[in-house]
Amino acid sequence: MKNTKRTYILISFFIVIIFIIIVSTFFFTTNLIERKQNENLLFQRNNTKLEVEYYFQKIENTLSNLELFILEENYSDEELLDYMIAIANESELFYSIYLGKPDKTMINSSGFIPGSDFDLRTRPWYEMALENDGFIYTPGYLNATKDKIIINVAKAIYLDNQLVGVLSTDIDISSISNIVTNTEVGNDGFAFIIDSDNHVVAYHNLDFDNLSLIELPIENFDLDSFASEGFTESVIINDTDGVLAYDLIASDHYVLGVFLPMNEYSSPIILVRQVFIISFAIFAMSSLIILVLYYKHIDEPFRDVIDSILKIDVNTNPKYRIDPSNKRDYKPIINALNKTLDSTESHINNNLESQQQLIIENQRVKLLMESTADIIFEIDMDKRFVSVFGKGIQKLNLSSQDFIGRTVKDVFGNDGIERDQVYTYALQGEHTIYDWQFSNKNKTLYFESSISPIYNKENQIVGAVGISREITEAMEKQKEIEYISNHDFLTGLFNRRYFVDKFSSLDSNLSYPLGLMMLDLNGLKLLNDAYGHVNGDQALKKTAEIIKLYSPQNATVARIGGDEFAIIIPKSTDTLLKTIKINIQSNLSKVKIHNIPLSIAIGYDTCESNDDDLEKLMKSAEHLMYMNKAREGRKIRNNSIKAIYDVFIEKNDHEKRHSMMVSKLSLLIGKDLNIKEDDLKELELAGLYHDIGKITIPDAIINKKVKLTKEENILMKKHTENGYNILRAADYYSNLATYALSHHENWDGTGYPQGLKGEAIPLFSRIIAIANSFASMIEERPRQSAISKDKALNYIIDNAGKKFDPNIVKIFIEIIKNKKIS
């Protein structure tokens with residue numbers, strides 16, 4: 001009875017303890033969930049802030065580089081405009097970049113020219129920049145062309161305390177909205193950005209077609225409270241109650257907010273409360289049932305079983321067994337106890353049989369150890385090999401007998417010294433995993449080993465046992481993976497990841513003076529457009545070879561972008577860097593890809609000690625490289641276009657005759673249209689280059705003597721778009737690109753590639769279309785015999801108002817009738 005009472009007390013105690021644990025868990029879980037919800041919202045706010053600040057930082061970095069260009073270089077307005085356009089074209093961050101001067105003039109990458117009544121000094125971005133140091137961010141407003149809601153990032157530039165102007169850029173608020181729109185805040189939450197006028201500049205439901213600024217409807221919260229970061233749980237936005245985490249961004253000019261509806265914020269806590277109520281009800285009911293069942297099926301039958309067990313005496317009555325018939329609830333225990341009594345008398349016989357099986361098992365283990373591909377060994381307290389098994393021994397050109405009774409230094413000489421020390425640690429009680437290698441004349445083998453001490457029954461160390469496994473293949477794969485992860489697959493140079501790690505780790509004075517050279521291959525896009533990416537890849541490989549060849553042996557050469565390379569040169573000087581630059585540029589210019597000589601823009605700088613800012617060094621070298629590219633890039637691209645055309649007409653004599661005739665006919669038409677002399681030169685050149693896009697079409701199709709297939713015809717029509725891509729890469733030929741693109745457009749809109757109609761087709765393209773068609777008909781072509789000039793002229797007349805401009809056709813008729821065309 002005393003034991004029974006104690007059992008009930010213990011059960012009751014455990015029930016109370018479990019109840020307390022459940023209640024404590026409920027309150028702990030509720031507080032934890034609420035804290036995690038707050039932490040998640042703050043994390044999402046901070047993460048979104050990082051993305052937005054990174055976006056603005058890229059803009060500030062670009063404007064800072066442009067500021068350096070303005071302050072450090074003697075430049076003309078045209079050169080500054082070209083540099084701005086180059087930056088704007090290379091980045092999607094900017095809608096436009098411009099410099100507003102105190103004399104109310106403006107240099108604008110978009111080509112916008114303010115009218116006489118436009119005083120830029122009254123613009124918000126101009127006034128704010130003069131009132132502040134560093135970069136400013138304006139509130140959102142409708143731009144001057146009244147087609148977009150924008151913000152400005154601007155900075156006043158001073159030289160010798162004199163205002164040079166205000167450098168600014170237009171940022172379309174849709175690009176900022178894309179950042180916050182991609183922010184996932186739960187299922188129904190969202191992020192937003194508000195400017196200093198409390199207008200929304202970024203929001204997932206912002207209508208960009210509505211060119212007006214809006215305020216976000218926020219209740220139960222004073223917008224003036226956005227003076228620093230914070231968190232509030234009682235905000236209503238768009239009639240939805242929720243929690244809000246906010247912070248200042250963009251030099252405190254804007255406020256970033258992250259909002260989560262209250263129903264989603266509180267749903268986990270409500271769920272936990274429901275689970276607790278259900279769990280408590282189940283627990284209470286289960287406790288009552290357990291107490292009843294315990295008494296009926298455990299306590300009472302158990303006392304009867306104990307009385308029967310006390311009657312067992314194997315010494316006086318070994319045949320005694322407990323009758324299970326009237327002890328239903330404990331029948332399995334009683335049967336197990338009776339079986340134990342039954343097995344006692346046969347125990348000795350079973351032990352003898354087990355001993356025999358153990359002998360056999362030992363033989364099996366020995367055979368298994370001898371047949372394994374690994375090496376299994378045992379050493380004694382003197383570190384001498386006691387036994388060595390496994391086929392892995394054969395890879396060492398040794399046998400087991402070469403090990404027995406000898407130490408690892410006896411077997412392997414000096415190569416075994418490190419392993420001898422590991423064996424010492426094992427005999428001192430340490431389990432050790434280690435690697436070692438074995439070299440013969442042909443190959444080096446790598447092994448991974450593990451060794452552990454052996455103890456006797458007194459827990460004393462009596463030796464050690466180890467196993468060695470060959471991992472040569474895995475090691476070679478690891479080395480291959482390391483090489484791939486650090487090298488550019490195309491050029492074999494180090495990749496950007498290795499370059500960044502290497503550059504960041506240069507903190508030793510042994511590397512200084514440190515030189516950094518930034519390189520950018522000119523005209524790669526033009527080469528890809530004209531001859532395909534295979535030739536572009538060839539140019540990159542040749543460039544990498546030249547750079548590697550003329551870089552010092554201690555230099556780190558890397559390809560860090562599509563056409564960008566970098567060289568880190570320890571112990572460098574300006575003289576050495578200048579010599580490297582000259583060698584690379586002069587030798588690379590000797591390499592030609594389809595008659596186009598390769599060229600590269602290079603900028604370099606040095607720092608004297610690790611006290612200097614490496615980031616500043618990189619920006620300086622990169623800035624000088626872009627300056628070099630801006631100065632030389634235009635000339636190189638123009639020369640490349642000429643080289644592409646020369647290659648094209650050298651391969652196709654009939655195309656040469658055709659382009660010259662189209663050029664001549666276009667010039668005659670232009671003169672009768674009274675086109676100005678300067679424009680006539682452009683028209684003549686446009687007629688000469690109108691088919692330059694055919695350089696991208698296989699010669700087999702251009703020279704094919706039978707009708708083209710449907711697929712070949714589609715490919716042939718691509719020459720207009722390809723010609724456009726080639727010509728627009730060079731400033732000198734940029735207008736010609738438009739004429740090459742649209743010289744197959746028809747007056748009635750049935751042409752290609754854009755389906756332009758009437759005067760929407762550029763005038764020069766309409767002229768070239770007639771000249772091209774006439775010249776094609778009166779010339780011998782691979783798939784067409786020449787026809788008479790009269791028949792060709794009749795075709796032109798018949799298609800006036802259909803394919804051709806009827807007014808130009810009239811002029812062309814007079815040219816053919818009155819002037820001799822050879």
- prompt: Put +1 on the Cβ of each Lys and Arg and -1 on the Cβ of each Asp and Glu in the chain; which of TYR423, LEU211, LEU288 then has its Cα farthest toward the positive end of the dipole?
  reply: TYR423
- request: Report, to the nearest whole %, how much of the accessible area of the chain belongs to carbon and sulfur atoms, 1.4 Å probe, protein only.
  value: 52
message: Using Cα-Cα distances under 8 Å and only pairs 6 or more residues apart, what relative contact order does the chain have, in percent?
response: 6
query: Ignoring ligands and nucleic acids, what accessible area does LEU337 show with a 1.4 Å probe (Å², nearest 10)?
result: 60
message: Can you pull out the GluC sites (Glu not before Pro) in the stretch 90-174 whose DSSP state is coil and whose Cβ has at most 11 other Cβ atoms within 10 Å?
response: GLU92
field: All lysines inside 29 Å of LYS36 as judged from Cα atoms, apart from same-chain residues fewer than 8 positions distant
entry: LYS49
query: About its Cα centre, how strong a charge dipole does the stretch 731-822 have in debye, to the nearest 20, once Lys and Arg get +1 and Asp and Glu get -1 at the Cβ?
result: 300
statement: Stretched fully, the stretch from SER251 through ALA86 gains (0.36 nm per residue minus C-alpha distance, one decimal, in nm) 56.7 nm
- line: Going through LYS502/LYS548; LYS694/LYS757; LYS705/LYS791; LYS757/LYS803 one by one, the pairs whose alpha carbons sit over 19 Å apart turn out to be LYS694/LYS757; LYS705/LYS791
message: How large is the accessible surface of TYR752 in square angstrom, using a 1.4 angstrom probe and rounding to the nearest 10?
response: 50
- request: Kindly identify the stretch 684-822 as rounded, prolate or oblate by the Cα gyration tensor criterion: order the square roots of the eigenvalues as a ≥ b ≥ c, call it rounded if a/c is under 1.5, otherwise compare a/b with b/c, prolate if a/b is larger, else oblate.
  value: oblate
- prompt: Taking H as built 1.01 Å from N, whose amide H comes closer than 5 Å to the amide H of TYR254, not counting residues under 5 places away?
  reply: ILE249
query: Ignoring ligands, DNA and RNA, how do TRP125, TRP436, TRP747 rank by accessible area with a 1.4 Å probe, largest first?
result: TRP747, TRP436, TRP125
query: Efficiency by 1/(1 + (r/R0)^6): what FRET value for GLU545 and ASP699, r their Cβ-Cβ distance, R0 = 30 Å, to the nearest 0.05?
result: 0.55
query: Taking the Cβ-Cβ separation of ILE312 and ASP501 as r and a Förster radius of 60 Å, what is the calculated FRET efficiency to the nearest 0.05?
result: 0.20
- prompt: Once phi is turned into θ = phi - 60°, what whole-Hz ³J(HN,Hα) does the Karplus curve with 6.51, -1.76 and 1.60 give for every residue of the stretch 313-320, x standing for Gly and Pro?
  reply: 8, 6, 6, 9, 9, x, 8, 5
- prompt: So which lysines pass the test for LYS409, namely a Cα distance under 18 Å, with those fewer than 8 places away in the same chain ruled out?
  reply: LYS383
message: List the pairs from LYS542/LYS578; LYS541/LYS704; LYS148/LYS642; LYS155/LYS525; LYS542/LYS664; LYS477/LYS616 whose alpha-carbon separation is above 28 Å, in the order I gave them.
response: LYS541/LYS704; LYS148/LYS642; LYS155/LYS525; LYS542/LYS664; LYS477/LYS616
field: chymotrypsin sites (Phe, Trp or Tyr not before Pro) lying in DSSP loop within the stretch 479-509, provided at most 14 other Cβ fall within 10 Å
entry: PHE489
query: Among the aspartates and glutamates, which fall within straight-line cross-link reach of LYS339, defined as a Cα-Cα distance under 13 Å, with same-chain neighbours fewer than 8 residues apart omitted?
result: ASP323
- prompt: Modelled label-to-label distance, MET285 and TYR795, 7 Å Cα→beta-carbon offset: nm?
  reply: 9.3
- prompt: Of (i) 27.5, 100; (ii) 43.0, 146; (iii) 31.0, 99, which is the value of Rg and Dmax of the Cα atoms in Å derived from the coordinates here?
  reply: (ii)
- prompt: For HIS744, HIS690, HIS533, what's the largest-to-smallest order of accessible area, 1.4 Å probe?
  reply: HIS533, HIS744, HIS690
- line: With the 1.4 Å probe rolled over protein heavy atoms, the chain has an accessible area per residue in Å² of 55
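The values are calculated or read from the model by the stated rules, or taken from the named source; none is laboratory data. Just so it is clear, the structure is predicted and the values come from calculations on it, not from any experiment. Note that we place each Cβ from the backbone using ideal geometry, even for glycine, and neighbour counts take in every protein chain shown. Accessible surface areas use protein heavy atoms only, side chains included; no ligands, DNA or RNA. Shrake-Rupley method; radii C 1.70, N 1.55, O 1.52, S 1.80 Å.
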